[in-house]
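The values are calculated or read from the model by the stated rules, or taken from the named source; none is laboratory data. In this text, all values refer to a predicted model and were calculated from it rather than measured experimentally. Here the Cβ positions follow ideal geometry from the backbone for every residue, glycine too, while neighbour counts run over all protein chains shown.
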Ligand SMILES: Cc1ncc(COP(=O)(O)O)c(C=O)c1O
């Protein structure tokens, strides 16, 4: 596989951009990332003409893949050619807002912004502004974008900034706890309950290898926040319109959060974020409320049109059936391959997200009494024979063989024409453009690379 052109481009990029990239994770590929020339269905074609099956899909936004249906293309082109934006409202913003309110159970009103990060920044400000409290609870290892209130590591007793440039005095208002640990959550609320504005959590950790909530965990979060008059904020930047179809993960789990953040799919592949929730909460944003929030590009007509037409297409076609069926086939095919070749690893996934976690510790399923593998990936079921060894929080995923994944495995997949996400933690996504052949080709490549 030639990559001279990518090498040349990266050489130029290194001279003018930090690490040669505009988002840190893109530089994770060694010795240098490949540059993409264009997309084609479920594939990308790189700058050297190599064609790869693409399971990264822009890190999640491309539910329909690279071949946008005619209706999406036409709407994007129409809005771009009519003068891209105006600084005053347009009808398409109202249309997309109405669509989301109609489909997502907890959303009565919504504010659109330009990225998932902006959505979580605004959600946290809204939670603090409406409750008059300072502290936010997050999950250790969870990711909510490049923002001051959530780039915090450590534990609830010793929170510390996880990036330079964030004062310790900011980090002290963030309380990281382990995902799936009800006792830790109750302890934090016992100690700080009167000053906790809310919990910010992904309903499935989709940024840390894909970790499911234990049965009853999300219910417990709903109960504790209600008891303490704190807000439950679901970060559905990844899971929104991916897990649970148009009703999102909150409908899938039957839990109603107070606030939901969106990004990725809701903008149909263009820069987007959104904060939705109960009307009386969302109305606390300016101009109706006291919590300031604004943006030059917010509700950009091209983005709104792409989001609306993408979701409308998904509502009117077999999009979720297609992506979820292929997602299931990938998960079950990978489970079979691991059973033969790497029984200590774990297949994780939900709906159209999938990943193999290189967990090394604990018994393989062959060593367990009934010798049964986890069917269709790790579901965190207490009756599963491997329950004790599957990843239950970000720490477990951190303990996986991340270097082996990156150095030994990823390149071998690329050599075989398969593009997987850049590190062990980011999820992989099926799109409507993927085919059964793409799945079979990918499974074959896993067989050789594992
Ligand atoms: C769960 C979650 N929240 C927030 C963000 C931040 O979104 P963005 O990269 O659009 O700022 C991400 C990004 O991957 C995410 O996965």
> So which residues in the stretch 226-248 are in contact with a strand residue (DSSP E or B) (Cβ under 7 Å, 6 or more places away or on another chain) and surrounded by 21 or more Cβ atoms within 10 Å (Cβ to Cβ)?
Replying inline: 230, 231, 232, 233, 234, 235, 236, 237, 240, 242, 243
> Of everything in the stretch 181-223 that's surrounded by fewer than 16 Cβ atoms within 10 Å (Cβ to Cβ) and closer than 16 Å to residue 127 by Cβ, which residue is farthest from the ligand (Cβ to nearest atom)?
Replying inline: 194
> Does residue 99 count as away from the ligand (no atom under 12 Å from the Cβ), farther than 25 Å from residue 192 by Cβ and in a helix (DSSP H, G or I)?
Replying inline: yes
> Residues 266, 259, 282: which one is more than 16 Å from the ligand (Cβ to nearest atom) and either at pLDDT below 95 or closer than 28 Å to residue 199 by Cα (or both)?
Replying inline: 282
> Among the strands (runs of 3 or more DSSP E) confined wholly to the stretch 256-350, which include 1 or more residues that are more than 30 Å from residue 445 (Cα to Cα)?
Replying inline: 259-263, 273-277
>> Name the residue that is nearest to the chain's Cα centre (by Cα), counting only residues in the stretch 4-26 that are within 16 Å of the ligand (Cβ to nearest atom) and surrounded by 11 or more Cβ atoms within 10 Å (Cβ to Cβ).
In response: 25
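Could you please find all residues in the stretch 10-32 being outside any helix (DSSP H, G or I) and touching a residue at least 40 places away in the same chain (Cβ under 8 Å)?
Answer for the stretch 10-32, where residues must be outside any helix (DSSP H, G or I) and touching a residue at least 40 places away in the same chain (Cβ under 8 Å): 29, 30.
For the stretch 156-173, state whether one or more residues are under 22 Å from residue 254 (Cα atoms) and more than 14 Å from the ligand (Cβ to nearest atom).
The answer is no; no qualifying residue exists.
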